[in-house]
Amino acid sequence: MSISKGIERLSTGIRKFDELIEGGIPRGFFVSVVGEPGTGKTIFCIHYANQGIIDGDRVIYVTTEESRESIINQASQFNLDFEKAIQDKKMIIIDALMKEKLDEWSLFELTVEELVKKVIEAKKELGYGRTRLIVDSMSAFWLDKPAMARRMSYFVKRVLHKWDVTALLVSQYAVTSDLSYGFGLEHVADGIIRFKKVIMRGELRRFVLIEKMRQTNHDLRAHEIRILPEQGLVLVSPTEMRSQDLRMPPKIIKKMEEAKEKSRAQITDEPEWSSE
Ligand SMILES: Nc1ncnc2c1ncn2[C@@H]1O[C@H](COP(=O)(O)OP(=O)(O)OP(=O)(O)O)[C@@H](O)[C@H]1O
Ligand SMILES: [Mg+2]
């Protein structure tokens, strides 16, 4: 944790990444983590969660893409012990994979209302204090209603910000379906961290770029990342890539703009289903 100019910042667990954002993510921020499949979003979240355990924060990890066991296994590949953190009541992994066998920390329904309710229950269980929330991913909640993304993200932020959470909300950019599921979230977010993959000379390379971080003089370059056995995600170096190499295809941008317009038209000051 670092405090400068009155802003308390949470380390992401990746030292070189923290250096790009003046030491970490400001407490209370809702940060959107976006990118295509396999670009490192989940691994980034795993580092963030683990740093929370180290720093004595409460950690709530909602997983919709992989099972709880898969997250624990992935963390253990980088020598991070989530099993112990769960036993020690420092961490709760909410499994939203809609399995046949549900337990106390499963989502019964894939709705934002259910998500928010479960996160608050988890927060109460873990107790008072600074809390890290990871929702990996939010896209699952608006798969069949993308125009609602902005409104749903707004609801999640509005309700949960009172609970002392600093959140990473993941959304996917699905190449195969030619649709981005992240729209809406980025507008509500205090920060946007974009992951990107590019094939260069027949080799897959991954990059990370901070597109937005309020109240922060953040780095503006794309940084190459590597995912290494035992270590996890590491930053290699800034790259000379041009911004257009990292931007989304024009067709996708157009679709996002149309969806944004649609959801803007639907948004009202108070979502009718916010009932607290
Ligand atoms: N132990 C490991 N050693 C090296 N590389 C690994 C290891 N575990 C995972 N990876 C790499 O990380 C990639 C997965 O990254 P991650 O799960 O963070 O992607 P993601 O952006 O969350 O994708 P999705 O949107 O599909 O969930 C794998 O495809 C693999 O290349
Ligand atoms: Mg993932």
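Read the figures in this text as sums done on the coordinates, not as results from a lab. As the structure is a prediction and not an experimental result, all values here were calculated from the model. Please note: Cβ atoms are built from the backbone with ideal geometry, for glycine as well, and neighbour counts cover all protein chains shown.
Could you name the aspartates and glutamates in cross-link range of residue 89, using Cα to Cα under 12 Å and dropping any fewer than eight places away on the same chain?
Cross-link targets: 57, 125.
Taking the mean number of other Cβ atoms within 10 Å as a proxy for protection, how do you rank 149-158, 205-214 from highest to lowest?
149-158, 205-214
Just add up the charged neighbours of residue 225: K/R +1, D/E -1, any other residue whose Cβ is under 15 Å from the Cβ of residue 225.
On the way: positive: 15, 16, 41, 194, 196, 197, 205, 206, 221, 226; negative: 18, 19, 36, 203, 219, 224.
Summing Lys/Arg as +1 and Asp/Glu as -1 gives +4.
Please compute the modelled spin-label separation between residue 230 and residue 199, points set 7 Å along Cα→Cβ, answer in nm with one decimal.
So the two model labels end up 3.1 nm from each other.
In the structure displayed, which of 41/101; 196/254; 118/197; 123/145; 84/145 lie more than 30 Å apart, Cα to Cα? Walk me through the intermediate numbers first.
Values: 41/101 27 Å; 196/254 19 Å; 118/197 33 Å; 123/145 28 Å; 84/145 38 Å.
From the list (41/101; 196/254; 118/197; 123/145; 84/145), the Cα-Cα distance tops 30 Å for 118/197; 84/145.
About the Cα centre of region 2-266, what is the dipole size in debye to 20, counting +1 per Lys and Arg Cβ and -1 per Asp and Glu Cβ, all else neutral?
Roughly 860 debye, rounded to the nearest 20.
Under 12 Å from the 7 Å Cα→Cβ point of residue 144, by amide nitrogen: which residues of region 100-124?
Zone members listed by number: 110-111.
Just list whichever of 5/90; 5/255; 16/99 have alpha carbons separated by over 32 Å in the model shown.
5/255; 16/99
Pop the C-beta distance of residue 128 and residue 220 into the FRET formula with R0 = 45 Å and round what comes out to the nearest 0.05.
0.75
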